[in-house]
Structures are given as structure tokens and as C-alpha cells.
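Visitor: The structure's right below; bear with me while I get my questions together.
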Amino acid sequence: MTPRSASLTLCAKDLRQELRTRESFTAAFFFALLIQLVFGFAFDFQDLGLGFPDVGAGVIWITLTFSSILSFQNSFLIERETSCLTALRLCPCEPSAMFVGKFLANVLFVLAVQGVVLPISALFFSYDLSGVALPLALVVAVNAAGFSALGTLFAAVSVRTRRSELLLPLLLLPAATPIVIWGVKATRICLAGRGVGEFAYLVGLSGCFGVIFIVAGILLFDYVLEE
Amino acid sequence: MERALRFADTVLFPLVTVLMVASLYFVFRVAPNEVTMGAVQRIFYFHVPSAWVAFLAFFLVFLASVLHLATRRMIWDTLAHAAAELGVLFCGIVLMTGPIWARPAWGTWWTWEARLTTTLVLELVFVAYLLLRSQAESPAQGARLAAVVGIAGFLDVPLIYFSVKIWRGHHPIVFKTGGGEGLEPVMLQAFALCMVTFTLFFILLLALRFRLGLLQEDLAELREAARSGRTT
């Protein structure tokens, strides 16, 4: 099995599993909605007269980071529960290919959740997304990829420990600082509708972050899977 | 190895003791009061060396992690663990002394400046690293997982610093570290002395913590042997 086909097979397996159970999507989606709800209560946007361009970037990125953690965790917990991790290790393919497969599945997953949640958050603010849809999709996709690269690696690390649920957010959130900062900043520019140069620069930086941690994941994943 | 560790006891320990007393003397008696900031400026003789030592420690975690993954020797993992603990300790000192100075000097306990924020994020990354170690199922596995996080965490350092810098935009430069310009020669001497003292102090603590780690491993092995009924 070539690394590429192994990655794609694993990714397809994860997606198929999710399509059949819809466990992870449902959980991440409703968690994301709940975050919006808490946001609504915590910052009384209507009374304060805050619109989506003011706070939208914050809402989007807090929702994305926290709900994605749920998905990353789940992508490895399902393997652990039925000892599938052992089976995966026995596969005649490179561990790095497994990382890529899991990473791809996670990115698609995060984007699927955001694809539904983002329009809903705009709706809560009565904001029309159609004007900024393309650049916004670009920021979310690039940053979600970077976040998923680090998230996939750290989820694999934390799932091998005793209290994986506790550990992943603690490991991932501080390390993902650059993604959160660049994501928020680029989103804000995008919603404000000006500053094309800076926008491209920030998205490029997030892309670099993604590349660095995809490479790191490919190189290090072998050590994580080892018994 | 044994000889190196004994060196810590016989030479380094008395040396650091003498240097620490000398540093305190220099900081509080020899170095003059800073004109604008007054006595509180003296905190920097400890603050900056602690920051340097913390970064040195995190770099050591990275190096030892790479060596552990490359050679599989547990000794590197013990070193990484020791360095990470000390890094968190010294980083904590930086985060505590900083606000004490900032309050009278800048009029605020905290500001989201690039260097401060990076230090805080780094502290959190390595606290998570230590938590991970305590949650591992076996020492060998814990060592490997920790090495992965240690490497990823260190790769992240420049990215975090850079990102926070961008986030703050054109923040006014509030103060310059290290650079000798404007620093009185006596102040510079005190500062240099503190840098040397703290570096040696760190090496001493590292040696002690490293030895403790080795002893803990020996103890775990003996326990294991006792449990399985073997005689060693």
C-alpha cells in the first residue's frame, strides 16, 4: 500500500464511520451552538450595539477552537475504544501516512461543522455573509488546516495517556496561539472589508504554521503510535 | 557521569553560594539607584537572568527530546524532564517579578506586550508538558510522548513570539533588555555577575534534579524487581 492510498483509505474510513454514526458531528455542532448561546448571554450584543464585524472574529474563533478539540479527541478515542489503535499499528503502511489520513479527516470534519455553524452565527447577528463568503472561507480553511495539524498530533499524544480528555485542551490551546491570533486578525480584516495586503500576509503565515506542523506530525507520528 | 555529578556537589555548590551572596551584595549595595525608576529597577538583576535561564532550559528540553527519540536512551528523557521543571520554575519567577516591576514602572501590573505574552504562553505550554508526563501509562511511553510535545512546543516558540508581535501591531517599545546602552558600568557589572550566577545556579539545580531523576528510575526498577520476586 502506498502512503498516499493508505492516507486516503484511512480518511475515507473515518468519514464513512462518521456518516454512519453522526456521533462526532452532532456533538461538535451542538457544542458550537452552545458556545454561541453563552456568547449571547455573556456579551449582550444587542444592548451594547455590537455587530458582527466588531465581535464576529472572536465568536468564530472561540467556537472553532473549542468545538474542534472535541472532534480531534473523538477521532482517536474511537480507535482506542475497540483497540483499533493496535490494529492500525499492525497495518503494513507508514505511520506518517496514518497521520496524514487522520489529519485530512479532521480538517474536513472541522470545515463541515463550521460550514453549518458559521452561517448560523451570522444569522444570530442578522449579518449577511454573502459579500465576504469567499475570503472568509479561505481564512477558515487555512487556519483550520493549521489547527488540525497540531490538533491531530496532540490528540494522538493525549489519547495514549490516562486522562486524555483533560490533557488535549491544555496541550493544544497554548501551542495554537499563533493560529488563533492570525485567524482572528485575518477574519476581522475580512469582515471589515479592507486591507487585502495584510490579509494575504496573515493567511500566508497561517499556511506556514500548517506546513510546519504537518511536517512535524509526519516526522513524529511514528513515535506516538509506538507501544 | 558520576564524576560530573560529584563536581556539582564539590565545586559548583560552594561556588554558586559565594556568587549568589556576591550578586546580592552587588545588586543591593554596589549598583546605584536608577534615576527614574528608583530601587524597583533592581529587580531586573534577577528578572532578566531568570528569563535567560528559562529559555535555556526550554532549549535543553528540545535538545534532550531529539536525542531521546534518536537514541532511545532514558538518560536524555531524565534530562528533558529536569530541564522542563526548572524552565517552568524560572519562567514562573519571570512572570512574578515582571508585574512587581511593571506596576511602579509602567503603572500597570500587566500589559499584553509581545515578550510578556510569549513568556506566559510558553509557561502554559510547558506546564501542559509536565502534566502529560504525570499522566503517562509507562515511563518509556511517557518519555516518547513528552519528547514529541517537547519538540513541537519548541518549534512553536518563534511562531508564538512572532504572532503575538503581529497581534500587538505597532506597540511602543517599552523597554530594552540586555543592551548595554545607557547602563552605568557598575550596573552592567552587577548585571553580568547576576547572569553568570544564575546560569551556574541553573546548572547546579539541573545536576541535582537530574540525579534525583536517575535515583527515581533506580528505585522504580528495584521495586519492579522486588515485585516480580527476583533478586538483584
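Bear in mind that the values in this text are calculations on the coordinates, not laboratory data. On a predicted model such as this, the values are computed, not experimentally measured, just so you know. All Cβ positions, even for glycine, are placed from backbone atoms using ideal geometry, and neighbour counts span all protein chains on display.
Visitor: So what does the Cα-only Debye profile of the protein assembly as shown read at q = 0.12 Å⁻¹, as log10 I(q)/I(0), no solvent term?
Guide: -1.11
Visitor: Separation of the range A:6-25 and the range A:149-227 by C-alpha centroid, Å?
Guide: First find each Cα centre; the distance between them is then 21 Å.
Visitor: Moving on. Which FRET efficiency value, to the nearest 0.05, is calculated for A:Glu198 and B:Arg3 with the Förster distance at 45 angstrom and r the Cβ-Cβ distance? Let's see the in-between values first.
Guide: On the way: r = 57 Å, r/R0 = 1.27.
Efficiency, rounded to the nearest 0.05: 0.20.
Visitor: Assuming a strict under-29 Å limit between Cα atoms, what lysine pair count do you get for the protein assembly as shown once near-sequence pairs (fewer than 8 apart, same chain) are dropped? Let's see the in-between values first.
Guide: Working: A:Lys13/A:Lys102; A:Lys102/A:Lys185; A:Lys185/B:Lys165; A:Lys185/B:Lys176; B:Lys165/B:Lys176.
Here the count comes out as 5.
Visitor: Tabulate in residue order the Karplus-calculated ³J(HN,Hα) for the range A:217-227, using 6.51 cos²θ - 1.76 cosθ + 1.60 with θ = phi - 60°, rounded to whole Hz; enter x for Gly and Pro.
Guide: Once rounded to whole Hz, the list reads x, 4, 6, 9, 4, 3, 5, 6, 6, 3, 7.
Visitor: How many angstrom lie between the C-alpha centres of the range B:129-172 and the range B:13-67?
Guide: 24
Visitor: Using Cα pairs closer than 8 Å and at least 6 residues apart in sequence, work out the relative contact order for chain A, in percent.
Guide: Working: 235 pairs, mean separation 65.7, N = 227.
About 29 percent, as a whole number.
Visitor: Here's something else I'd like to know. Work out, step by step, the length gained on full extension between A:Asp222 and A:Tyr127: first 0.36 nm times the residue separation, then minus their alpha carbon distance; give nm to one decimal.
Guide: Values: separation 95, 0.36 × 95 = 34.20 nm, distance 4.54 nm.
Value of the extension gain: 29.7 nm.
Visitor: Still on this structure: Once you mark the trypsin sites (Lys or Arg not before Pro) that are in a DSSP loop and have at most 11 other Cβ atoms within 10 Å, what is the longest gap between them in chain B? Don't skip to the end; give the middle numbers.
Guide: Details: sites that count: B:Lys176, B:Arg230.
Between the exposed loop sites, the longest stretch runs B:1-175.
Visitor: Let me ask something else about it. How large is the Kirkwood hydrodynamic radius of the range A:58-183, in angstrom, based on all distinct alpha carbon pairs? Mind dumping the intermediate values first?
Guide: Details: mean 1/r = 0.0648 Å⁻¹.
Across the range A:58-183, the inverse of the average 1/r is 15.4 Å.
Visitor: Residue by residue through the range A:55-70, which ³J(HN,Hα) values in whole Hz follow from phi under the Karplus form 6.51 cos²θ - 1.76 cosθ + 1.60 (θ = phi - 60°), with glycine and proline marked x?
Guide: Couplings: 10, x, 4, x, 4, 4, 6, 5, 4, 5, 4, 6, 6, 5, 4, 4 Hz.
Visitor: In a shell of Cβ-Cβ distance under 14 Å around A:Ile60, excluding A:Ile60 itself, what net charge do Lys and Arg (+1) and Asp and Glu (-1) give? Write out the running numbers ahead of the final one.
Guide: Numbers: positive: A:Lys185, A:Arg188; negative: A:Asp54.
Its environment carries a net charge of +1.
Visitor: Once amide H atoms are built 1.01 Å from N in the peptide plane, which residues 5 or more positions from B:Glu34, or in another chain, come under 5 Å H to H?
Guide: Placed amide hydrogens put B:Gln41 under 5 Å from B:Glu34.
Visitor: Using the reciprocal of the averaged 1/r over all distinct C-alpha pairs, how large is the Kirkwood radius of chain B in Å? Kindly include the intermediate steps, with their values, before the conclusion.
Guide: Details: mean 1/r = 0.0511 Å⁻¹.
Kirkwood hydrodynamic radius for chain B: 19.6 Å.
Visitor: Then there's this: When you look at the Cβ of every residue in A:179-190, what mean number of other chain Cβ atoms sits within 10 Å?
Guide: Values: counts 2, 2, 10, 5, 0, 1, 4, 0, 0, 0, 0, 0.
Counting other chains' Cβ atoms within 10 Å and averaging over A:179-190 gives 2.
Visitor: Counting other beta carbons within 10 Å of each residue's own, what order do A:Glu226, B:Glu113, A:Glu81 fall into, fewest first?
Guide: On the way: A:Glu226 13, B:Glu113 20, A:Glu81 9.
The order, fewest Cβ neighbours first, is A:Glu81, A:Glu226, B:Glu113.
Visitor: Can you tell me the Rg and the Dmax, both Å, for the Cα atoms in the range A:3-225?
Guide: 17.7, 60
Visitor: Compute the angle between helix A:164-175 and the longest alpha-carbon principal axis of chain A, please, reported from 0 to 90 degrees and rounded to the nearest 10.
Guide: 60
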